[in-house]
Amino acid sequence: MKEQTLVKLAGEIIELDVKRDELFEQLMSQIGTEAYGFLRLIQNHYIPGGGVSEVKNQLREAVEMLKEHYIQQLIKAGIYNPEDKEVYSLTLTELHQLVEKYSVQ
């Protein structure tokens, strides 16, 4: 009986691992290699039981931090000037696409 329980538990862990990989691939398709840092940011600041509004605030903060990171990359590469107001109104997706388009590191 104990062996069956252990096998079942191992199977559930494997299923979770596969699901995690699928979800992470979705995240990467949205924000590219920045997904690693984004996930770590959320993971390190996530407060269990914090409620939906707390998670929304954390996501909003993470998105803003990622947007600022992209903006600084584009400015550093000379694609935008710090005074260009347009760059600050772009969405995360638009910023990511520009970073990818110009191969900004």
For Lys19, go through the lysines and keep the ones whose alpha-carbon is under 25 Å away, minus same-chain ones fewer than eight residues off. Lys8, Lys56
Please list the three semi-axes, largest first and in whole Å, of the ellipsoid equivalent to the chain, using sqrt of 5 times the eigenvalues of its alpha carbon gyration tensor. 37, 17, 9
Work out from phi, with θ = phi - 60° and the Karplus expression 6.51 cos²θ - 1.76 cosθ + 1.60, the ³J(HN,Hα) of each residue of segment 86-103, listed in order in whole Hz, and give x for Gly and Pro. 4, 4, 6, 9, 6, 7, 4, 4, 5, 4, 4, 4, 5, 4, 5, 4, 9, 6
Measuring from its Cα centre, the chain shows a charge dipole (+1 at each Lys and Arg Cβ, -1 at each Asp and Glu Cβ) which, in debye to the nearest 20, is 180 debye
Across Leu41, Leu59, Leu23, the residue with the highest GNM fluctuation in the chain (Cα network, 10 Å cutoff) is Leu23
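All of the numbers you see were taken from the coordinates with simple rules; none came from a lab. Given the structure is predicted, the values throughout are model-derived calculations rather than measurements. Note: ideal-geometry Cβ built from the backbone for every residue, glycine included; neighbour counts use all protein chains shown.
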